[in-house]
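Please treat every number below as a calculation from the coordinates, not as lab data. Predicted model, so just to flag it, every value in this text is computed and none were measured. We place every Cβ from the backbone using ideal geometry, glycine too, and count neighbours over all the protein chains shown.
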Amino acid sequence: LRELLFFLAAFGAIGGALAVVLVRNPFFSVLSLVIHLFALATLFLLLNAEFIAAAQIVVYAGAVMVLYVFVVAYIGGVKEAPPLRGESSAIGTTGVIFAAGLVVIVTIAVVGTSLTAIDTEGAKVGIGFGSPGAIGELLLRKFLVPFEAASILLTVAAVGAVVLARKRRGLPDEEGGRPSVPGTPAGASPAPESELLGGPEAEPKPLPAGTAEAPGDPVPDRGA
Amino acid sequence: MSITWYIVLSGFIFAIGAAGVMTRRNPLVILLCLELMLNAGNLALIGFSKMWGNGDGQVFALIVMVVAACEVTVGLGLIVALYRRRVPIDVDEVSELRG
């Protein structure tokens, strides 16, 4: 049963990864990455890493992928420029050749390694091996400094993302001035998230009102 | 299943991600391929952790996930900033680090 599960999950992981690279539409790339992440979580379960598998699904497939989906919806379906002009097709061939070489090198390195335990199923582990308790104890005793460094890194990344994606009021085409940013410091910082949420929603609103079905949709709601 | 299978699988996933980074030109897809490569690294770490019966590799994988989340937030912030400036979302167009 473990073998069957491994091969199913491995095919899912490789198929998802190939779909991420090959699909043209970024939205479907994101969705196939979700499939890949679920298959990978199954593999983690097979390797006695229960907590990591749960964190993978919750953090990656839940939070990070939702962020991706919002950004893809905000940017819109950007058509990638046609891939097969002369030089870029050469780049594509080179990339594939490099990737195949990488596979060969890694496989040779793994098969020819002198690690004797690599051909076994791994060490016998206790029942609480990958449990949240064991991971937490390791994190808080042996790896306390990396743990704190990771929290600082997360804070810095959050602040950096807010600063990067902040709405600059009156943004000209070139960088000239950004006039009224210092005037609204309080409103500036929570702007990106509300825009990520509000951007794709605010865009399509005028379209249905103008086109087809709803002359009375937004307006009477406001009135009532 | 012996650990070799897992490590070879992680090598495959890493190579697919590397090929994607080298060939695609949409920065969103490049970020997704970076996620693929990081996940391949995670798989190898957890495989070795099982091989030694030692939990340290799993902690490493957790830290890698944290770093990946940071990279995603900053990268997506950059992409949104690019979009605001009406720059085409294409890595060939932004190769000069100039506005």
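Taking the fewest neighbouring Cβ atoms within 10 Å as the starting point, the ordered list for B:Tyr6, A:Tyr68 is A:Tyr68, B:Tyr6. Phi angles of the stretch A:128-141 translate, via the Karplus equation with coefficients 6.51, -1.76, 1.60 and θ = phi - 60°, into HN-Hα couplings of x, 5, x, 6, x, x, 5, 5, x, 5, 4, 5, 8, 9 Hz per residue; Gly and Pro are given as x. Mean per-residue shielding of peptide A:64-72 is 4, counting Cβ atoms of other chains within 10 Å of each Cβ.
Across peptide A:32-41, the mean count of Cβ atoms from other chains lying within 10 Å of each residue's own Cβ comes to 3. Averaged over residues, the count of other Cβ atoms within 10 Å places the peptides B:51-62, A:144-155 in the sequence B:51-62, A:144-155, highest first. Placing a pseudo-label 7 Å from each Cα along the Cα-to-Cβ vector at B:Arg85 and B:Asp56 gives an inter-label distance of 4.3 nm. Rounded to the nearest 20 debye, the dipole magnitude of chain B is 200 debye, with +1 charges on Lys and Arg beta carbons, -1 on Asp and Glu beta carbons, and the Cα centre as origin.
Calculation over all alpha carbon pairs of the stretch B:50-99 in 5 angstrom steps from 0 returns a P(r) of 5, 17, 17, 14, 11, 9, 9, 7, 7, 4, 1 percent. Relative to the longest principal axis of the Cα atoms of chain B, helix B:3-23 runs at roughly 10 degrees.
Applying 1/(1 + (r/R0)^6) with r as the Cβ-Cβ distance of A:Val159 and A:Lys124 and R0 = 35 angstrom yields a FRET efficiency of 0.20.
Note on A:Asn25 and A:Leu4: with the Förster distance fixed at 45 Å, the Cβ-Cβ geometry gives a FRET efficiency of about 0.90.
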